[in-house]
Amino acid sequence: MSTPTTAPAPGARNERPSAAAKPATKPQGPPNKLRAWVTRAPLLPALVFMIVVTQLPFVATLVVSFFDWNALYPEARRFGGFENYGEVLGDAALRESVITTAILTAVVVLTSLVLGLGLALLLDRTFKGRGLVRTLLIAPFLLVPVAAALLWKHVLYNPEYGLLNGMLTWVFGDDGPQPDWVAEMPLGAVEVALIWQWTPFMMLILLAGLQSRPADSLEAARIDGASAWQIFRYLTVPHLRRYLELGALLGSIYIVQNFDAVFTITSGGLGTANLPYTIYQTFYQGHEYGLASAAGVLVVLGSLIIATLALRVVSSLFREEARS
């Protein structure tokens, strides 16, 4: 007896997929890791250059800092461990240079921030010739630091032919005061030169902050009858807080490491020797390679702490801009 076969119902689909219905497989590309390396390959020369120029010298300085090494007595070189660091931290001259560096940094950064804020508020307004004024105000920051220091030392501060004493003679006559600016106010002379050069930098940062203020909030405040001082106090200053912090941190990173102005204007004398100049004296004049290297490592560590704070401020600034 034959078994009856049942025909498929009309409209029913065949469950077995045909060969033509199979999805075509895409050709596999290079692995993800290989693709990432191909993308980063153009950056490798820059990375190698940065490592050779910055990291290897720092590693060499770190190694030298653990040795008792005087260049005048190379045969007496020995491994001293942390002796150099203890001597650096206990050195009275170094402590004095730390205080000088702190005073120099605080005065220059705070004064340039205040002056930069005033100039930024001026340039935030629309007036004829604003582009020319902005270019002239930026010019001091574009000068080479040594050239700027030489300009202040010889063109302005010189007691015989300097412009400052010439102005005093023009105002008070031949009997007017003729001070020796560098000898009578050495640290102030260095501070003024650095303030003149760093005020444009602060102005640019704060001007960018002023131009990023929301226009609708300012317009609403004016409609509500807020005065210019109230707008500045309650709207502008809170908005500029991050920009002020950024300018202060970036300025501090540079001023802590400044060597040009101190070396050029006062040669580190008259109580103006900061940390970089003290390290220079220890290394090149005292020939104490290990001691100078230990001091340099401590300065780098301090700069890294300030730079870390600066990066956090920058990242928070970008986050706030993205949210707005």
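The values are calculated or read from the model by the stated rules, or taken from the named source; none is laboratory data. Note that this is a predicted model, so its numbers are computed, not measured. Quick reminder, even Gly has a Cβ in these numbers, built from the backbone with ideal geometry, and neighbours come from all protein chains shown. Keep in mind that these areas ignore ligands, DNA and RNA; they rest on the heavy atoms of the full protein, side chains included. Shrake-Rupley method; radii C 1.70, N 1.55, O 1.52, S 1.80 Å.
How far is the Cα center of the stretch 55-79 from the Cα center of the stretch 219-254, in Å?
49 Å
Provide R130, R77 ordered by accessible surface of protein heavy atoms (probe 1.4 Å), highest first.
Greatest to least solvent exposure: R77, R130.
Please compute the length gained on full extension between D124 and L44, using 0.36 nm multiplied by the number of residues separating them and subtracting their Cα-Cα distance.
24.6 nm
Evaluate E = 1/(1 + (r/R0)^6) for L150 and Y284, where r is the Cβ-Cβ distance and R0 equals 22 Å; express this FRET efficiency to the nearest 0.05.
0.60
Looking only at the stretch 203-243, which residues have a backbone nitrogen under 14 Å from a spot 7 Å from the Cα of S316 in the C-beta direction?
Of the residues in the stretch 203-243, 238-243 have backbone N under 14 Å from the label point off S316.
Could you give each residue of the stretch 120-131 its phi-based ³J(HN,Hα) in whole Hz, using Karplus coefficients 6.51, -1.76, 1.60 with θ = phi - 60°, and x for Gly or Pro?
My calculation for the stretch 120-131 gives 5, 5, 5, 6, 6, 8, 9, 8, 5, x, 4, x Hz in order.
Once R0 is set to 41 Å, what does the formula 1/(1 + (r/R0)^6) return for the Cβ-Cβ distance between D216 and S303, expressed as a FRET efficiency to the nearest 0.05?
After rounding, the FRET efficiency stands at 0.50.
May I ask which residue of L270, V237, L250 lies farthest towards the positive end of the charge dipole of the stretch 217-283, with charges of +1 (Lys, Arg) and -1 (Asp, Glu) on Cβ and the Cα centre as origin?
Towards the positive end, the residue furthest out is V237.
Take the Cβ-Cβ distance between R95 and L270 as r, set R0 to 22 Å, and report the resulting FRET efficiency rounded to the nearest 0.05.
0.80
Calculate how steeply helix 186-211 sits against the longest principal axis of the alpha-carbon atoms of the chain, using the helix alpha-carbon long axis, and give the answer as 0 to 90 degrees to the nearest 10.
30 degrees
For q = 0.12, 0.20 Å⁻¹, what log10 I(q)/I(0) does the stretch 203-262 give under the Debye formula with an equal point scatterer on each alpha carbon and no solvent?
For the requested q values the scattering log ratios are -0.41, -0.77.
Where the only charges are on Cβ atoms (+1 Lys, Arg; -1 Asp, Glu), what is the dipole of the stretch 113-247 about its Cα centre, to the nearest 20 debye?
That gives the stretch 113-247 a dipole magnitude of about 720 debye.
Go ahead and estimate [θ] at 222 nm for the chain from helices alone: -39,500 (n - 2.57) per DSSP H run with n ≥ 4, summed, over the residue count, rounded to 500.
-19500 deg cm²/dmol
Please turn the phi angles of the stretch 72-79 into ³J(HN,Hα) values with the Karplus equation 6.51 cos²θ - 1.76 cosθ + 1.60 (θ = phi - 60°), one per residue in order, whole Hz, x for glycine and proline.
Running phi through 6.51 cos²θ - 1.76 cosθ + 1.60 with θ = phi - 60° gives 6, 10, x, 6, 8, 5, 8, 7 Hz.
Just the Kirkwood number for the chain, please: inverse of mean 1/r across all distinct Cα pairs, in Å, one decimal.
Roughly 25.5 Å, rounded to one decimal.
Please compute the length gained on full extension between V133 and A208, using 0.36 nm multiplied by the number of residues separating them and subtracting their Cα-Cα distance.
On the way: separation 75, 0.36 × 75 = 27.00 nm, distance 1.61 nm.
Gain on extension, V133 to A208, equals 25.4 nm.
Pick from F232, F201, F283: which residue has the top mean-square fluctuation in a GNM of the chain where Cα pairs under 10 Å get a spring?
Highest fluctuation among the options: F232.
So who's got an amide H within less than 5 Å of the one on F67, skipping anything under 5 residues away but keeping other chains? H placed 1.01 Å off N, in plane.
Close amide H contacts, sequence-distant or interchain: G80.
Can you pull the accessible area of T126 for me, 1.4 Å probe, Å² to the nearest 10?
130 Å²
Using the Karplus curve 6.51 cos²θ - 1.76 cosθ + 1.60 with θ = phi - 60°, work out ³J(HN,Hα) for each residue of the stretch 243-257 in order, rounded to whole Hz, and write x for Gly and Pro.
So the J values, rounded to whole Hz, are 5, 5, 5, 5, x, 5, 5, 5, x, 5, 4, 6, 5, 4, 9.
Highest mean first, what order results for 148-158, 296-306, 208-218 on Cβ atoms within 10 Å?
148-158, 296-306, 208-218
I'd like to know which of W152, A220, W69 lies farthest towards the positive end of the charge dipole of the chain, counting +1 on Cβ of Lys and Arg and -1 on Cβ of Asp and Glu.
It is A220, whose Cα lies furthest towards the positive end.
Given +1 on the Cβ of Lys and Arg, -1 on the Cβ of Asp and Glu, and no further charges, what dipole in debye does the stretch 167-299 carry about its Cα centre, rounded to the nearest 20? Let's see the in-between values first.
Details: 5 positive and 11 negative charges, 128 e Å.
With only Lys, Arg, Asp and Glu charged at Cβ, the dipole is about 620 debye.
Where the only charges are on Cβ atoms (+1 Lys, Arg; -1 Asp, Glu), what is the dipole of the chain about its Cα centre, to the nearest 20 debye?
Values: 23 positive and 22 negative charges, 521 e Å.
With Lys and Arg at +1 and Asp and Glu at -1, about 2500 debye.
Test of understanding: what is the full-extension gain from V53 to Y234, defined as 0.36 nm times their sequence separation minus their Cα-Cα distance?
So the chain would gain 60.5 nm between V53 and Y234.
Going from most exposed to least, what order do I99, I279 have by accessible area with a 1.4 Å probe?
Sorted by accessible area, descending: I99, I279.
Lys/Arg Cβ at +1, Asp/Glu Cβ at -1, dipole of the stretch 62-142 taken about the Cα centre: which of A92, T105, T135 is farthest positive-ward?
After comparing all options, I get T135.
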